[in-house]
Amino acid sequence: MKVVRKEDIVQGLRKIGLKRGDIIIVHTSLKNIGYVCGGAQAVIEALMEVVTSEGTLVMPTQSWKNLDPETGVHWDADESDWDKIRENWPAYDKEITPTNTMGAVAEMFRQWPGSIRTDHPARSLCAWGKHAAYITAEHSLSNIFGEGSPIAKLYELDAKVLLLGVGYDKNTSIHLADVRATYPGKHNCVEHSAILEKGVRVWKAYSTLFVDGADFEEIGSAFEKTGLASAGKVGNADSRFMRQRDIVDFSVSWIESHRR
């Protein structure tokens, strides 16, 4: 297998449109980039080299296993043991709680020096760079992807989205469109997570918008036809680069026209 160097990733990122000072949310698959010399570390260093400390790098660092078993996230546990999970799942600690299926790059990024993680126990993001403190300052239990959330702050800052070897089903920014759009069946749900309150672990209930992303790939296919996404290879990974405002605004319109 051909080795992909950090230099190759840097060149690919610049060719697809990433530049110094960009504010960017990245979704990535290390495996799809190829045999990366240096693994996740090389990918993060390449991203930081291109945007520099004048830019801002953001990645989802979700720990969605910290949700109630009734949502299906603990599919390998017997239903008779669900109360054990509710009583014993560790409270979220943004310094140590691992990510769940976010990939090796995001898992390393959450531990990177200078990286700041949000407080949401199941849907956190991490940020590094110029606007990291602002983006991560507030992430309330009920406002996962809505106005004032980290995703909405990225929209305010005119951030970019990079899908590095992954599809639109991983494009977290489309959840902001879920919030902004009006469509049949839109509703809230009650979720639960283990958190610390005044130093004590509690199993906390909170209401939030129900979203599932089932049509995100379909939205992405339609968005591609607008020509607003740059396509290219980063290493071996088929990648897409776009303004977050473009994909969010398009998604609001698409959702309102197609969701029934």
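The values are calculated or read from the model by the stated rules, or taken from the named source; none is laboratory data. Here the structure is a predicted model, which is why all the values come from computation and not from measurement. All Cβ positions, even for glycine, are placed from backbone atoms using ideal geometry, and neighbour counts span all protein chains on display. Only protein heavy atoms, including side chains, enter the accessible area calculation; ligands, DNA and RNA are left aside. Shrake-Rupley method; radii C 1.70, N 1.55, O 1.52, S 1.80 Å.
Tabulated values for the structure
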{"read-out": "Filter result for residue 108 (buried (at least 19 other Cβ atoms within 10 Å of the Cβ), under 15 Å from the mean Cα position of the chain (by Cα) and under 22 Å from residue 32 (Cα atoms))", "value": "no"}
{"read-out": "Residues located in region 173-200, provided they are touching a residue at least 24 places away in the same chain (Cβ under 8 Å) and out of contact with any helix residue (DSSP H, G or I) (no Cβ under 9 Å at 6 or more places or on another chain)", "value": "184, 185, 193, 195, 196"}
{"read-out": "Per-region count, region 150-171, residues open to solvent by less than 10 Å² (accessible area, probe 1.4 Å) and outside any helix (DSSP H, G or I)", "value": "6"}
{"read-out": "All positions within region 199-237 that are within 20 Å of the chain's Cα centre (by Cα) and hydrophobic (A, V, I, L, M, F, W, C)", "value": "209, 210, 211, 214, 216, 219, 223, 229, 231, 234, 237"}
{"read-out": "Hey, residue 38 at positive phi, touching a helix residue (DSSP H, G or I) at 6+ places or on another chain (Cβ under 9 Å) and open to solvent by less than 70 Å² (accessible area, probe 1.4 Å) or not", "value": "yes"}
{"read-out": "Which numbered condition residue 138 fails, given (1) modelled with pLDDT of 95 or more; (2) open to solvent by 10 Å² or more (accessible area, probe 1.4 Å)", "value": "(1)"}
{"read-out": "Leading residue by the ranking (farthest from residue 104 (Cα to Cα)) among those in region 24-35 that are surrounded by fewer than 19 Cβ atoms within 10 Å (Cβ to Cβ) and of a type outside the set (Ser, Thr, Tyr)", "value": "32"}
{"read-out": "Residues of region 212-260 that turn out to be at pLDDT below 95 and closer than 28 Å to residue 47 by Cα, as a count", "value": "1"}
{"read-out": "Residues (in a helix (DSSP H, G or I) and exposed (fewer than 15 other Cβ atoms within 10 Å of the Cβ)) located in region 188-231", "value": "217, 218, 221, 224"}
{"read-out": "For residue 182: the one exception among (1) surrounded by 13 or more Cβ atoms within 10 Å (Cβ to Cβ); (2) part of a loop (DSSP other than H, G, I, E, B); (3) of a type outside the set (A, V, I, L, M, F, W, C)", "value": "(1)"}
{"read-out": "Complete set of residues in region 10-23 that are closer than 20 Å to residue 227 by Cβ, open to solvent by less than 20 Å² (accessible area, probe 1.4 Å) and either among the β-branched types (Val, Ile, Thr) or free of Cβ contacts under 8 Å to residues at least 40 places away in the same chain (or both)", "value": "16"}
{"read-out": "Count of region 15-29 residues which are farther than 15 Å from residue 54 by Cβ and not in a loop (DSSP other than H, G, I, E, B)", "value": "6"}
{"read-out": "Subset of region 94-105 (residues that are of a type in the set (A, V, I, L, M) and surrounded by 12 or more Cβ atoms within 10 Å (Cβ to Cβ))", "value": "102, 104, 105"}
{"read-out": "Top-ranked residue of region 65-93 - restricted to ones that are outside any loop (DSSP other than H, G, I, E, B) and touching a residue at least 40 places away in the same chain (Cβ under 8 Å), ranked as least open to solvent (accessible area, probe 1.4 Å)", "value": "86"}
